[in-house]
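The values are calculated or read from the model by the stated rules, or taken from the named source; none is laboratory data. Only a predicted model underlies this, so the values are computations on that prediction, with no experimental measurement involved. As a convention, Cβ positions derive from the backbone with ideal geometry for all residues, glycine included, and neighbour counts pool all protein chains shown. The area values use the complete protein model at the heavy-atom level, side chains included, leaving out ligands, DNA and RNA. Shrake-Rupley method; radii C 1.70, N 1.55, O 1.52, S 1.80 Å.
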Amino acid sequence: MSLPLFDIILNVLAGLGAILITYAVFLEHETRQDIVLAIGAFCLLVYALWIGNAIFALAMGGVFLASMVEFVEILVGIHDPIGASKTSTNNKPKE
(Lines give C-alpha, C1' and ligand atoms only; values in the text may rest on other atoms or scores of the structure.)
Protein backbone atom coordinates (compact mmCIF):
# COMPACT_ATOMS: atom_id res chain seq x y z
CA MET A 1 0.00 0.00 0.00
CA SER A 2 1.67 3.18 -1.15
CA LEU A 3 0.55 6.73 -0.48
CA PRO A 4 0.25 9.21 -3.30
CA LEU A 5 2.96 11.86 -3.39
CA PHE A 6 0.59 14.62 -2.23
CA ASP A 7 -0.40 12.59 0.86
CA ILE A 8 3.24 12.00 1.72
CA ILE A 9 4.06 15.70 1.35
CA LEU A 10 1.20 16.75 3.62
CA ASN A 11 2.11 14.17 6.25
CA VAL A 12 5.73 15.39 6.22
CA LEU A 13 4.43 18.97 6.48
CA ALA A 14 2.35 18.00 9.53
CA GLY A 15 5.34 16.29 11.14
CA LEU A 16 7.48 19.35 10.50
CA GLY A 17 4.80 21.55 12.07
CA ALA A 18 4.67 19.41 15.19
CA ILE A 19 8.46 19.49 15.51
CA LEU A 20 8.57 23.27 15.04
CA ILE A 21 5.89 23.91 17.66
CA THR A 22 7.73 21.69 20.13
CA TYR A 23 11.04 23.43 19.34
CA ALA A 24 9.45 26.87 19.78
CA VAL A 25 8.61 26.07 23.40
CA PHE A 26 12.34 25.79 24.20
CA LEU A 27 13.47 28.97 22.44
CA GLU A 28 14.55 31.74 24.80
CA HIS A 29 14.36 34.68 22.38
CA GLU A 30 10.70 35.66 22.07
CA THR A 31 10.92 36.98 18.50
CA ARG A 32 12.34 33.69 17.23
CA GLN A 33 9.86 31.77 19.34
CA ASP A 34 6.91 33.62 17.78
CA ILE A 35 8.04 33.11 14.18
CA VAL A 36 8.89 29.41 14.67
CA LEU A 37 5.55 28.88 16.43
CA ALA A 38 3.71 30.66 13.61
CA ILE A 39 5.41 28.54 10.93
CA GLY A 40 4.67 25.32 12.84
CA ALA A 41 1.05 26.31 13.41
CA PHE A 42 0.65 27.19 9.73
CA CYS A 43 2.00 23.77 8.72
CA LEU A 44 -0.50 22.08 11.03
CA LEU A 45 -3.29 24.40 9.86
CA VAL A 46 -2.74 23.24 6.29
CA TYR A 47 -2.82 19.63 7.49
CA ALA A 48 -5.99 20.22 9.56
CA LEU A 49 -7.75 21.71 6.54
CA TRP A 50 -6.61 18.77 4.41
CA ILE A 51 -8.01 16.17 6.81
CA GLY A 52 -11.16 18.24 7.33
CA ASN A 53 -10.95 18.64 11.11
CA ALA A 54 -12.62 21.95 11.96
CA ILE A 55 -11.64 22.02 15.67
CA PHE A 56 -7.97 21.30 14.91
CA ALA A 57 -8.03 23.91 12.13
CA LEU A 58 -9.56 26.49 14.47
CA ALA A 59 -6.94 25.78 17.15
CA MET A 60 -4.01 26.01 14.74
CA GLY A 61 -5.47 29.12 13.11
CA GLY A 62 -5.70 30.75 16.53
CA VAL A 63 -2.12 29.84 17.44
CA PHE A 64 -0.90 31.09 14.06
CA LEU A 65 -2.79 34.37 14.34
CA ALA A 66 -1.71 35.01 17.95
CA SER A 67 1.95 34.30 17.15
CA MET A 68 1.91 36.58 14.13
CA VAL A 69 0.22 39.41 16.05
CA GLU A 70 2.83 39.22 18.79
CA PHE A 71 5.66 39.02 16.22
CA VAL A 72 4.37 42.14 14.44
CA GLU A 73 3.95 43.94 17.78
CA ILE A 74 7.61 43.23 18.57
CA LEU A 75 8.71 44.47 15.14
CA VAL A 76 6.64 47.66 15.43
CA GLY A 77 7.82 48.32 18.99
CA ILE A 78 4.52 47.94 20.83
CA HIS A 79 5.73 44.88 22.74
CA ASP A 80 9.13 44.38 24.39
CA PRO A 81 10.39 40.85 23.74
CA ILE A 82 11.36 38.70 26.71
CA GLY A 83 14.88 37.34 26.36
CA ALA A 84 16.17 40.19 24.21
CA SER A 85 19.36 41.86 25.31
CA LYS A 86 18.96 45.26 26.93
CA THR A 87 21.20 48.14 25.94
CA SER A 88 21.29 49.66 29.42
CA THR A 89 20.90 48.09 32.81
CA ASN A 90 19.63 50.13 35.70
CA ASN A 91 19.42 47.20 38.08
CA LYS A 92 22.84 47.66 39.63
CA PRO A 93 23.02 46.97 43.35
CA LYS A 94 23.28 50.06 45.54
CA GLU A 95 26.36 50.35 47.66
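Just wondering, is there one or more residues in the stretch 79-94 that are in a helix (DSSP H, G or I) and either open to solvent by 40 Å² or more (accessible area, probe 1.4 Å) or modelled with pLDDT under 85 (or both)? Walk me through how you get there before you give the answer.
Within the stretch 79-94, the first condition is being in a helix (DSSP H, G or I), and the residues that meet it are none.
Scanning the stretch 79-94, I find no residue that is in a helix (DSSP H, G or I) and either open to solvent by 40 Å² or more (accessible area, probe 1.4 Å) or modelled with pLDDT under 85 (or both), so the answer is no.
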**Prompt:** With (1) open to solvent by less than 60 Å² (accessible area, probe 1.4 Å); (2) over 19 Å from residue 20 (Cβ atoms); (3) modelled with pLDDT of 95 or more as the list, and residue 36 as the residue in question, which single condition is left unmet?
**Reply:** (2)
**Complete:** Of those in the stretch 1-19 that are in contact with a helix residue (DSSP H, G or I) (Cβ under 8 Å, 6 or more places away or on another chain) and open to solvent by less than 40 Å² (accessible area, probe 1.4 Å), the residue modelled with the lowest pLDDT is 10
**Cβ pairs under 7 Å, 6+ apart, first in the stretch 49-60 and farther than 16 Å from residue 11 by Cβ, second surrounded by 15 or more Cβ atoms within 10 Å (Cβ to Cβ)** = 57/45; 57/48; 57/49
**Request:** Test each condition in (1) without any contact (Cβ under 8 Å) to a residue 24 or more places away in the chain; (2) surrounded by fewer than 15 Cβ atoms within 10 Å (Cβ to Cβ); (3) under 27 Å from residue 76 (Cα atoms) for residue 24 and report the one that comes out false.
**Result:** (2)
